[in-house]
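A.B. asks: Before I ask anything, let me first share the structure, which is written out below as structure tokens.
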Amino acid sequence: MSERALHEGKLDRAQTLSNTRMKGNYKTISVTPVTPVIGVEVEGVDMTGDMPDEQIKELNHALANHNVLFFRDQPELTPTQQISFAERFGELHIHPAAPKGEEHPGLFVIHTHAGSFVNNGADWHTDVSCDEEPPLGTMLQIHRTPDSGGDTLFANMYAAYDALSDKMKAFLSERTAVHGSERAFRGRYKDKGVDDTGAVFPKSEHPVVRTHPVSGRQTLYVNETFTDRIRGMAEEESNALLEFLFRHMARPEFQVRFNWRPNSIAFWDNRCTQHLAMWDYWPNERFGHRVTVKGDRPFYKAH
């Protein structure tokens, strides 16, 4: 079998796995795939009210199996409503570097405009993977959108892992990587009044292949924003392998592109998903609120 045919066969198997998991039976929500590989639009959820436990359970299942949930039918949530919804999935994560409001320290304000000199999430990443216990998931509602542009891309790290050769999977399963945040956070929020002089930013070591605690599936867990090197390899070897993985993860067939409308919501699983926010709308404005749910320490479990 040619290498091209072998590669295409792996992609087909990865898509078949994703298609199979798209067909979950839900009683309290309606789920419609956006692509065969990643992303679903969810209906039947009222985030302004007291949601039943069964619905939270189904949303947890959908999040773990579809990577990112999109909601088009929500009103503009107050900070209290958005936080209350997110807390049904766990304790809120507090960002280690971003400015924090006194009333809602877990609420992250997303605001890019003509005076901004940097864009949130401009490179592929999973949120704050430098933490010892990185976030479980992130929920973003955009209240004000530019007339055009400003999409967010999401990539399925289950599919990226499934498409690798068996030899590469075996090699990576024995590796860990160092995730740092110095280059990502130092000076990052200066325009928002943050003086990080003398600050020590988090650094952690995680498996390159992570086992998802809910789905049980293997997922690649390195990203170009936070991953500095692979432990136990020479610098040149580590750089070359990471460069290959970063290119591999960013392939279009693993992605979905979400076009925001006012008050759209995306809720993504940081354990198996990477994302990138396009900044193609300057000098126009994009504004919203983000909350992030604490996760647990990544682990690898051989199947």
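All of the numbers you see were taken from the coordinates with simple rules; none came from a lab. Nothing here was measured: the structure is a model prediction, and the numbers come from that model. Every residue, glycine as well, gets a Cβ built from its backbone with ideal geometry; the counts of neighbours run over all protein chains shown.
A.B. asks: So if I take the centroid of the Cα atoms in segment 225-296 and the same for segment 131-156, what is the distance between those two points in Å?
C.D. replies: After rounding, the separation between the Cα centres reads 9 Å.
A.B. asks: Further question on the same structure: Give me a comma-separated list of calculated 3J(HN,Hα) values for segment 27-38, in order, Karplus coefficients 6.51, -1.76, 1.60 applied at θ = phi - 60°, integers in Hz, x for any Gly or Pro.
C.D. replies: Listing the rounded values in order: 9, 10, 9, 10, 10, 10, x, 8, 9, x, 9, 7 Hz.
A.B. asks: Please compute the length gained on full extension between Phe171 and Lys192, using 0.36 nm multiplied by the number of residues separating them and subtracting their Cα-Cα distance.
C.D. replies: Difference between extended and current length: 3.3 nm.
A.B. asks: Now a separate question. Quick check: pseudo-label points 7 Å beyond the Cα along Cα→Cβ at Lys57 and Glu235, how many nm apart are they?
C.D. replies: Taking the two extended label points, one gets 5.3 nm.
A.B. asks: Could you point to the residue in Leu107, Ile29, Ile94 farthest towards the positive end of the chain's charge dipole, with +1 and -1 charges on the Cβ of Lys/Arg and Asp/Glu respectively?
C.D. replies: Most positive-ward Cα: Ile29.
A.B. asks: How much FRET efficiency would the formula 1/(1 + (r/R0)^6) give for Thr32 and Asp280, where r is the Cβ-Cβ distance and R0 is 25 Å, rounded to 0.05?
C.D. replies: Once the sixth-power term is evaluated, E becomes 0.40.
A.B. asks: Between His248 and Phe117, what's the calculated FRET efficiency when r is the beta-carbon distance and R0 is 30 Å? Round to 0.05.
C.D. replies: Between His248 and Phe117 the formula returns 0.45.
A.B. asks: Let me ask another. If neighbour count is taken as other Cβ atoms inside 10 Å, put Lys57, Lys169 in order from fewest to most.
C.D. replies: Listed from fewest to most nearby Cβ atoms, that is Lys57, Lys169.
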